[in-house]
């Protein structure tokens, strides 16, 4: 935990300077039963789907910030995958990955939040942060969560 606090200091400063210029993707624990029963894909699949969609549909000046789940620390680290996919889809420098950045601040400053079905989606909604659910969640309905496909969220989240 202390290593990330030290190594992410400059990264956090950069993210905080990007107010309303980034989307927050909230990662879940890799073996969470919510993933196994209500998503049917892996966290790695989720990461790739987001980066590919972001590369194809997001505005060129926007960023995508992945937030690691604190209970997954020590079990998974997606840095290598995120870097490889960022290069593969030509969005290097626009994809960021954090572990210990303060979640409420990230939500307040984000253009939108993307989750599989995390309860963080509810926190995002309560913060007034447009939220896209990619799995199945009880709060995934129009009026609370963004109802259209992910490809449209990148450009329409601000209006939702």
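Taken together, the values in this text are just the output of simple stated rules run on the coordinates, not laboratory data. Note that the structure is a prediction, hence the values are computed from the model and not measured. Neighbour counts run over all protein chains shown; Cβ positions are idealised from the backbone, glycine included.
Quick notes on this one:
- Segment 2-159, relative contact order [Cα under 8 Å, separation at least 6], %: 29
- Placing a label point 7 Å from the Cα of residue 44 along the Cα-to-Cβ direction, the residues of segment 65-101 whose backbone N falls under 13 Å of that point are 76-82, 84-85.
- Applying 1/(1 + (r/R0)^6) with r as the Cβ-Cβ distance of residue 144 and residue 7 and R0 = 35 angstrom yields a FRET efficiency of 0.50.
- This ranking places 105, 115, 33 by how few other beta-carbon atoms lie within 10 Å of each, fewest first, which gives 33, 105, 115.
- Segment 88-152: radius of gyration over Cα atoms, expressed as a fraction of 2.2 N^0.38 Å: 1.17
- Two-decimal Rg to Rh for segment 26-67 - Kirkwood Rh, Cα set: 1.05
- Per residue of the chain, the DSSP helices (runs of n ≥ 4 H) give a summed -39500 (n - 2.57) that works out to -11500 deg cm²/dmol at 222 nm.
- Between the labelled values (1) 16.4; (2) 17.4; (3) 15.6, the entry that holds Kirkwood radius over Cα pairs in Å as derived from this structure is (3).
- Distance between the modelled labels on residue 61 and residue 92, one decimal in nanometres: 2.4 nm (7 Å Cα→Cβ projection).
- Spin-label model, residue 37/residue 102: points 7 Å from Cα along the beta carbon direction are separated by 3.5 nm.
- Most mobile of 97, 75, 146 in a GNM of the chain (Cα contacts under 10 Å): 75
- Gaussian network model of the chain, springs between alpha carbon atoms under 10 Å - residue of 117, 31, 56 with greatest fluctuation: 31
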